[in-house]
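Everything on this sheet refers to the single structure shown next.
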Amino acid sequence: MSTAYTEQQLIKDIRSVFQNSLDPREQAHSIAQIIERGFDSGWPLNSAKFGEENGTYEIYKDKELGHPSAGFMILAYRQPASKKTTPSPHDHGPCFVVYGVQKGSNIQTRYTYSYSDDRSEMPSLRPTQIIEQLPGHAHYFLPGEIHSTQGSTEIETIYVRITSMDLTNITRHRYDVKSGRSRSFSAHDARTTRK
Ligand SMILES: [Fe+2]
């Protein structure tokens, strides 16, 4: 029988990713693999920091490491079946995020601005990839990448989110799909709206 992969080891492994690489793509990719290994061992359900109530659980916050500066965070969510919502694309500013599902599912959509050859036209926002995240899957969005998240409309979803800094301190953007407009936001309004 293989040895259980503990939360303590998982945190240690994520810290060593930040210690050994400065490249956010490499960091996010390695962290996605680490949390998939955690899912295989029953994490975050087996975490002392996780609970039965719906909501957000802070599993860990680092004081020294992160990208582009210190403060990466591990958050876990227990979310009831959710209503289908209007997509709310956003980025995470200069930070990256790794999202992984332990139970249920999330739909992640990735967007990019599309430019016409006609310079008089404004760029439009287009979805480029739709990802169904199933249990055990982790994906990531790199600094500046625009994405939106839809939780399962049928069953409870338990997922984790590793942000490369504490996003409440980060100015970032939210986008309107139809018009392509964006607005910057930060701090306390980030706490009351979707990731
Ligand atoms: Fe996000």
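So what does the Cα-only Debye profile of the range 82-132 read at q = 0.22, 0.30 Å⁻¹, as log10 I(q)/I(0), no solvent term?
Cα-only, vacuum Debye calculation for the range 82-132: -1.02, -1.28.
Below 8 Å, C-alpha to C-alpha, sequence gap of six or more: please give me the relative contact order for the chain in percent.
24
Quick check on the chain: helices-only [θ] at 222 nm, where DSSP H runs of length 4 and up contribute -39,500 (n - 2.57) each and the sum goes over total residues. Nearest 500, please.
After summing the helix terms and dividing by residue count, I get -6000 deg cm²/dmol.
What angle do you read, to the nearest 10 degrees and between 0 and 90, between the alpha-carbon axis of helix 7-20 and the longest principal axis of the chain?
Relative to the chain, helix 7-20 is tipped by roughly 50 degrees.
Cβ under 15 Å from Asp13's Cβ, Asp13 left aside: what net charge do those residues give with Lys, Arg +1 and Asp, Glu -1?
Value of the local net charge: -2.
May I ask you to sort Glu36, Glu58 by Cβ crowding, counting other Cβ atoms within 10 Å and putting the fewest first?
Starting with the residue having the fewest Cβ neighbours, the order is Glu58, Glu36.
Stokes-Einstein D for the range 1-76 at 25 °C, 0.890 mPa s, Kirkwood Rh over Cα pairs, in µm²/s?
This corresponds to a translational diffusion coefficient of 187 µm²/s.
Which trypsin sites (Lys or Arg not before Pro) in the range 27-68 sit in a loop by DSSP (not H, G, I, E or B) and have at most 16 other Cβ atoms within 10 Å of their own Cβ?
Those that pass, being in a loop and sparsely packed, are Lys49, Lys63.
If R₀ is 22 angstrom, what is the calculated FRET efficiency for the pair Ala81 and Glu145, using the beta carbon separation as r and rounding to 0.05?
0.20
As a footprinting exposure proxy, order Thr149, Thr3 by other Cβ within 10 Å, with the fewest listed first.
The fewest-first ordering by Cβ neighbours comes to Thr3, Thr149.
What is the calculated FRET efficiency for Phe185 to Thr3, with r their C-beta to C-beta distance and R₀ = 35 Å, to the nearest 0.05?
0.20
At 0.36 nm per residue, minus the direct Cα-Cα distance, what do Asp117 and Leu45 gain on full extension? Give it in nm, one decimal, please.
20.9 nm
Arranged by the count of other C-beta atoms within 10 angstrom, fewest first, what order do Thr86, Thr109 take?
Ranked by crowding around the Cβ, least crowded first: Thr86, Thr109.
So how long is each side of the chain along the principal axes, counting just the alpha-carbon atoms, biggest first, in Å?
Here the spans come out as 63, 39, 32 Å, largest first.
Calculate the spin-label point distance for Gln33 paired with Ser88, positioning each point 7 Å from the Cα along the beta-carbon direction, and give it in nanometres.
3.4
Using Cα centres only, tell me the gap between the range 1-46 and the range 69-106 in whole Å.
17
What is the dipole size for the chain, taken about its Cα centre, with +1 at each Lys and Arg Cβ and -1 at each Asp and Glu Cβ, in debye to the nearest 20?
420
Values in this text are rule-based calculations from the coordinates and carry no lab data. Every value quoted in this text rests on a predicted model; they were computed, and no experiment measured them. In this analysis, Cβ positions are derived from the backbone assuming ideal geometry, glycine residues included, and neighbour counts consider all displayed protein chains.
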